[in-house]
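The values are calculated or read from the model by the stated rules, or taken from the named source; none is laboratory data. Being a predicted model, the structure only gives us computed values, none of them experimental. When we count neighbours, we look across all protein chains shown, and the Cβ atoms used for this are built from the backbone with ideal geometry, even at glycine.
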Amino acid sequence: MDKKVKVGVIGATGYAGIELVRILSDHPKAELVGVSSVSFNGKNISRIYPGLRAGFNQTLVEGIEAMPSECDVIFGSLPHGLSEEIGAACMKKGVAFIDLGADFRLEDEEEYIKWYGNKFKDTLLHKQAVYGLCELFREEIRKSRLVANPGCYPTSVALGLYPALKDHLVHREGIIIDSKSGVTGSGRGLTLSTHYPECNEAMSAYKAGAHRHRPEIEQTLSKICGSKVNVTFTPHLIPANRGILSTIYCDKKAEYSQIRRCYERAYENEPFVVLLEEGEYANIKNVRLTNCCHISLHQDEHTQKLIICCAIDNMVKGAAGQAVQNMNIIFGFNETLGLSIIAPAF
């Protein structure tokens, strides 16, 4: 496809939305023709985010109805419960829809009701949705026009565990996931927990064993494994703007050297997944502002556990960058287009 795809972003002034604008405004095969925001309708987006003034100035509109008719793809960066109608409208118009929210991530409606409090409005629409974890479901994404962009924690966990679970080199029982995230994961809305005096020089677990990303994690791991996987998942908030570090503990079924070779094979041709050298540790600093995932493997010889450390930028590989990677796959572009940013040294 030689011409540029025309792109719209709904929810462009949230943290994930503005990351989409940042990435897409410099994408060589995309033209950002529409940006939408309920909160700032009618205002120029560069007045909300002055860093855009040098390269992107557009007036914000409200809703899909105001998106330019020539859009080939629309990204939705909205709270859960708001994307189904947009997805349906896009499908009717023949426009690809990539949803950064949670509306299409869970396949089981009962799970969605339990964790998000909503029913599926259109069951057939949900059956069209493909889970957009690019490294795992690339071929399904290529054929789809409706993509559920994965959550940030689930992305780090699935990429960390994929090779070991796929080849049954670890036990599926007793997996423990300890994840730490920067405060942007809570969104742009003001909350006490992300208020500067509360989160600075602090670190705390939250929603231990009861985070709504757990069913999404288990759904993906169960697909990888071919049988039901239950996990213990505890997220933590750290005093950083962005980044996720997931440390995963599981019981080995094979020698460590065999597991490491499995990871090397699985990710040797993946442009965004880096298996670190023996003795290195995944660090959120080294993936900041990038679409990369760094994985380090370690073993506890005393307990015979495999320890997997996985670092991503929650706003890029965990949100906007992965969404653009999905767009690249759908339209037949090189997956790295617009996503070749290197992490700053400090």
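Odds and ends about this structure:
- Residue in the stretch 141-156 that is nearest to TYR131 (Cα to Cα), counting only those that are assigned to a helix (DSSP H, G or I) and hydrophobic (A, V, I, L, M, F, W, C): ILE141
- Screening THR290 on (1) touching a helix residue (DSSP H, G or I) at 6+ places or on another chain (Cβ under 9 Å); (2) within 30 Å of GLU173 (Cβ to Cβ) shows it passes everything except condition (2).
- All strands (runs of 3 or more DSSP E) inside the stretch 177-280 with 1 or more residues being surrounded by fewer than 20 Cβ atoms within 10 Å (Cβ to Cβ) and free of Cβ contacts under 8 Å to residues at least 24 places away in the same chain: 273-275
- Verdict on ILE329 being in contact with a strand residue (DSSP E or B) (Cβ under 6 Å, 6 or more places away or on another chain), surrounded by 20 or more Cβ atoms within 10 Å (Cβ to Cβ) and not basic (Lys, Arg): no
- Test: residue in the stretch 57-69 that is in contact with a helix residue (DSSP H, G or I) (Cβ under 9 Å, 6 or more places away or on another chain) and more than 16 Å from SER36 (Cβ to Cβ): no
- Here is the figure for the stretch 214-256: residues that are β-branched (Val, Ile, Thr) and either at pLDDT below 95 or within 29 Å of PRO197 (Cα to Cα) (or both) total 4.
- Of all residues in the stretch 305-330, those that are in a strand (DSSP E or B) and basic (Lys, Arg) total 1.
- Qualifying residues in the stretch 140-161 (those that are touching a Cys at 6+ places or on another chain (Cβ under 9 Å) and surrounded by fewer than 24 Cβ atoms within 10 Å (Cβ to Cβ)) - the one farthest from SER83 (Cα to Cα): ILE141
- Residue match in the stretch 157-168 (condition: part of a loop (DSSP other than H, G, I, E, B) and assigned by TED's automatic domain parsing to the domain that holds LEU276): yes
- Conditions (1) small (Gly, Ala, Ser); (2) closer than 27 Å to ASN149 by Cβ; (3) modelled with pLDDT of 95 or more; number of the one not met by GLY279: (2)
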